[in-house]
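All remarks here apply to the structure that follows.
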Amino acid sequence: MPVDTSRLTDREKEWVEFSYAHEKNDETKRAWEGLTAEGVKSYLDRQRSSLCGDTASLMQSLKEAGYEAGEMQEYKEKTEELICSPL
């Protein structure tokens with residue numbers, strides 16, 4: 001996998017791999033690939049509050065990115081399960 005997930009927990013790895021696999025924007029994919037392991041970890045830490053806090057805004061940005069309703073729901077569920085729920 002082109003994203004360095006070596007600094008992440010298993011659940012974070014699963015989420016990054018899921019998110020990367022479903023990413024529709026090639027620029028965003030390349031940005032992920034360009035991050036160091038530390039960069040991936042800190043990006044995820046910064047994103048956590050918006051991923052877990054404002055679901056409406058997350059859904060809107062997924063919709064704007066071209067996600068179908070089913071994909072959006074799956075993304076939201078994966079995010080809640082892997083990133084937002086306490087370990």
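Overview of results
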item	result
Pairs where the first residue, in the range 55-68, is farther than 20 Å from GLU81 by Cα and the second is open to solvent by less than 60 Å² (accessible area, probe 1.4 Å) and among the aliphatic types (A, V, I, L, M), C-beta under 8 Å, 6+ apart	LYS63/MET72
Residues of the range 67-81 that turn out to be farther than 20 Å from GLU12 by Cβ and of a type in the set (Lys, Arg), as a count	0
Qualifying residue in the range 28-39 (condition: under 22 Å from GLU77 (Cβ atoms), among the aliphatic types (A, V, I, L, M) and modelled with pLDDT under 95)	no
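This table checks each residue for (1) open to solvent by 60 Å² or more (accessible area, probe 1.4 Å); (2) in a helix (DSSP H, G or I).
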position	(1), (2)
PRO2	yes, no
ARG7	yes, no
TRP15	no, yes
GLY39	no, yes
SER42	no, yes
LEU62	no, yes
GLN73	yes, yes
THR79	no, yes
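The values are calculated or read from the model by the stated rules, or taken from the named source; none is laboratory data. Since we're looking at a predicted model, the values are computed, not measured. Reconstructed Cβ throughout: ideal geometry from the backbone, glycine too, with neighbour counts over all protein chains shown. The area values use the complete protein model at the heavy-atom level, side chains included, leaving out ligands, DNA and RNA. Shrake-Rupley method; radii C 1.70, N 1.55, O 1.52, S 1.80 Å.
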